[in-house]
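This report refers to the structure that appears directly beneath it.
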Amino acid sequence: MTSIHRVLAAAVAVGLALAGVSNGQASGAETTSARAKTTAVTVAIRSCEGCEVTLISYTAEDPSSGWASDPHLIANGKAAFVVPTDKTLGLSVAVETPWEGHLGYTTMAVMRYQGLTVGDRIGFNRARTMKKASGCFAGTAKKELLLRLKVRRVMVEGVFEKVPGQIVWAPTTQEWLRPLNPVYGGVLGGQDVLLCKAGSHGG
């Protein structure tokens, strides 16, 4: 399996040449190289200034063609990316916060908790009771995509002790892909990237 930390490190090394552009400003090099169809993805998170967001797309059917953006900081409640449209299939969102302790994993955004259907709303208290969730977005063919997420500081089991961490979820259930992964107190995290099943669209 592919380590999230290895994916994120590679994204940092590659930088803007292969990934989304912060604040929606594309460099000339990207404009030249990104002639394939792209989607402007905005991740909107309130009360998370300075949080670091990375978009990742890996499918179980073709893991060798995985993709990751460079990390973007949330500023004024949002971060903007330019993503190859075909990589919105199986898109997952990694979020690191300024307050998190030594977690030993990367926190991923939940697109859908088990038992909910697309469009269902879910708040913090109910999210904390959930046991399984999908972190895989079903994809879009549109030119623009807005992902509204919520982040709340919670105490989690870290490497050595309980430390501050975060729960990240879509308050409005998104179109999603399998698998459903275990979550603990509603928190979806892992050391490996989410291998999303492209043929398992969830409505």
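Some notes on this structure:
- The listed residues are GLY139, GLY104, and the only one of them that is in contact with a helix residue (DSSP H, G or I) (Cβ under 7 Å, 6 or more places away or on another chain) and either of a type in the set (A, V, I, L, M) or at positive phi (or both) turns out to be GLY139.
- Taken over the stretch 178-203, the criterion of being within 13 Å of GLN114 (Cα to Cα), assigned to a loop (DSSP other than H, G, I, E, B) and either of a type outside the set (Gly, Ala, Ser) or in contact with a strand residue (DSSP E or B) (Cβ under 7 Å, 6 or more places away or on another chain) (or both) is satisfied by ARG178, PRO179, LEU180, VAL183, GLY186.
- Total residues in the stretch 180-202, condition at pLDDT 95 or above and surrounded by fewer than 16 Cβ atoms within 10 Å (Cβ to Cβ): 3
- Of all residues in the stretch 179-198, those that are touching a residue at least 40 places away in the same chain (Cβ under 8 Å) and closer than 18 Å to SER57 by Cβ have Cβ atoms under 6 Å from Cβ atoms of residues that are of a type in the set (A, V, I, L, M, F, W, C) and part of a loop (DSSP other than H, G, I, E, B), 6 or more apart or on another chain, in ASP192/MET1; LEU195/ALA60; LYS197/ALA60; ALA198/LEU89.
- Only residues that are out of contact with any Asp or Glu (no Cβ under 8 Å at 6 or more places or on another chain) and either of a type in the set (Val, Ile, Thr) or not in a loop (DSSP other than H, G, I, E, B) (or both) were counted in the stretch 64-86, giving 12.
- When the stretch 155-166 is filtered for residues that are without any contact (Cβ under 8 Å) to a residue 60 or more places away in the chain and surrounded by 15 or more Cβ atoms within 10 Å (Cβ to Cβ), the ones remaining, listed by number, are VAL156, GLU157, GLY158.
Each row is one residue, and each column tells you yes or no for (1) out of contact with any Gly (no Cβ under 9 Å at 6 or more places or on another chain); (2) buried (at least 16 other Cβ atoms within 10 Å of the Cβ); (3) closer than 30 Å to ASP86 by Cβ.
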{"position": "ARG112", "(1), (2), (3)": "no, yes, yes"}
{"position": "ASN125", "(1), (2), (3)": "yes, no, no"}
{"position": "LYS132", "(1), (2), (3)": "no, no, yes"}
{"position": "VAL151", "(1), (2), (3)": "yes, yes, yes"}
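- Scanning the stretch 134-149 for residues that are aliphatic (A, V, I, L, M) and either without any contact (Cβ under 8 Å) to a residue 60 or more places away in the chain or loosely packed, with under 12 Cβ neighbours inside 10 Å (or both) gives ALA141, LEU146.
The values are calculated or read from the model by the stated rules, or taken from the named source; none is laboratory data. Keep in mind it's a predicted model, so treat the numbers as computed, not measured. Positions of Cβ are generated from backbone atoms using ideal geometry, with glycine treated the same way; all protein chains shown enter the neighbour counts.
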